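Worksheet: the structure to be examined is printed underneath.
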Amino acid sequence: MHKTFYQYLMTQRNPDSTEAVAEFANNAFFDQSFPKQSKDFHEVSQYLELNAGYLPTMTIFDEAWQEYLASEA
């Protein structure tokens, strides 16, 4: 069974890390409205662009998405 992007992202959580993807994951964990069931790039991307003030640049999401795809291959 393939993971959702959110499930993948939660494997990157690390409260002690200053890595961009770990900080993204830590913040997404507390985001009650995050599209947790989505596997769709555009749905997650649009949500983050409109709602995720905690994500300083979409490049972080793009890199995390590529890692997600690689983990599902």
Problem - Ratio Rg/Rh, restricted to the chain and using Cα atoms, in which Rh is the Kirkwood radius - result: 0.91
Completion exercise
For the range 27-37, in residue order, the Karplus 3J(HN,Hα) values (coefficients 6.51, -1.76, 1.60; θ = phi - 60°; whole Hz; Gly and Pro = x) are 6, 4, 4, 8, 8, 4, 9, 3, x, 5, 8
Fill in the blank from the handout: For the range 39-56, in residue order, the Karplus 3J(HN,Hα) values (coefficients 6.51, -1.76, 1.60; θ = phi - 60°; whole Hz; Gly and Pro = x) are 10, 9, 3, 5, 5, 5, 4, 5, 4, 5, 4, 8, 10, 9, x, 7, 9, x
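Counting heavy atoms of the protein chains only and a 1.4 Å probe, report the per residue accessible area for the chain as a whole number of Å². Kindly include the intermediate steps, with their values, before the conclusion.
Details: 4630 Å² over 73 residues.
On a per-residue basis, 63 Å².
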Exercise for the section: Can you tell me the relative contact order of the chain? Whole percent, Cα pairs under 8 Å, sequence separation 6 or more. Expected result: 35 percent
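The values are calculated or read from the model by the stated rules, or taken from the named source; none is laboratory data. On a predicted model such as this, the values are computed, not experimentally measured, just so you know. These area figures cover heavy atoms from the full protein model, side chains too; ligands, DNA and RNA do not enter into them. Shrake-Rupley method; radii C 1.70, N 1.55, O 1.52, S 1.80 Å.
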